[in-house]
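Inspection log for the structure reproduced underneath, given as structure tokens.
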Amino acid sequence: MKNHIKKFILNLIYKKKLKNRPKKNFKKILKKNLVIAIIVDSRLNMGMNDFNFLADIFSVSIENMNFIWYKSPTFYHHSNHMRIDIDDISLTGKINKEFNLFFDQQYDILINIYQKNTIVLKTLSLKVKHHFAIGFTPVDFQLNDIVFDFKPQNTNIFHIELSKYLKIISK
């Protein structure tokens, strides 16, 4: 019951904050030394190695990619990988202080690796400070600047499509 009330309140907060989001500047993502945030729904059964291609596409080191794994049964022993759950978010939408390092940082790109339109994942996405966001359907289109209509687990298609769109944007 507690989580249902929390999700209801988070949904109200989410709708209000989504309306007040500033406009994006896509030119900022074209710089070197990008910093990338990645939110992964662990229920998709993807692992750390599934995202190695992102380092190649964006020409960044793995250390410039910070991951939040939602509902992950695995504890990662890497400083740029954290696990989070609904219990780490308060009734008012505040995230536990242990995640300040992730959520206080300014990112060039946010990649939302989830397909469930849950308020917890959307709240996490909205809390990340970023210039450009990439996501998958059926998640709220207002959260992402590019939305792909295939399963995120299909990393071969993700690699091809993301490369194609980044070339178009960089022209």
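A simple spin-label model places pseudo-atoms 7 Å from Cα toward Cβ; at GLN105 and THR137 they are separated by 3.2 nm. How big is the gap, in Å, between the Cα center of segment 58-89 and the Cα center of segment 103-129? Rounded to whole Å, the Cα centres lie 12 Å apart. Between LYS116 and ASN52, full extension at 0.36 nm per residue minus the direct alpha carbon distance yields a gain of 20.7 nm. Scanning residues 5 or more positions from HIS130 or on other chains, those with amide H under 5 Å from its amide H are TYR107, with H placed 1.01 Å from N in the peptide plane.
3J(HN,Hα) couplings calculated from phi for segment 159-168 with the Karplus curve 6.51 cos²θ - 1.76 cosθ + 1.60 (θ = phi - 60°) are, in sequence order, 4, 5, 5, 5, 4, 4, 5, 5, 5, 5 Hz; Gly and Pro show x.
Here the 3J(HN,Hα) profile of segment 101-109, calculated from phi with Karplus coefficients 6.51, -1.76 and 1.60 at θ = phi - 60°, is 4, 6, 7, 8, 7, 8, 10, 7, 9 Hz, Gly and Pro shown as x. Placing a pseudo-label 7 Å from each Cα along the Cα-to-Cβ vector at LEU91 and LYS129 gives an inter-label distance of 2.9 nm.
Report the calculated FRET efficiency for ILE168 and ILE5 (r = Cβ-Cβ distance, R0 = 41 Å), to the nearest 0.05. Taking R0 as 41 Å, the efficiency between ILE168 and ILE5 is 0.40. Distant-in-sequence amide contacts of ILE111, defined by a placed amide H-H separation under 5 Å and a gap of 5 or more residues or a different chain, comprise ALA37, ILE38, ILE39, ILE134. Each peptide in 106-119, 137-150 was scored by the mean count of other Cβ atoms within 10 Å over its residues; highest first, the order is 106-119, 137-150.
Values quoted throughout were computed directly from the atomic coordinates according to the rules given, and no laboratory measurement underlies them. Predicted model only: the values in this text are computed from it and were never measured. As a convention, Cβ positions derive from the backbone with ideal geometry for all residues, glycine included, and neighbour counts pool all protein chains shown.
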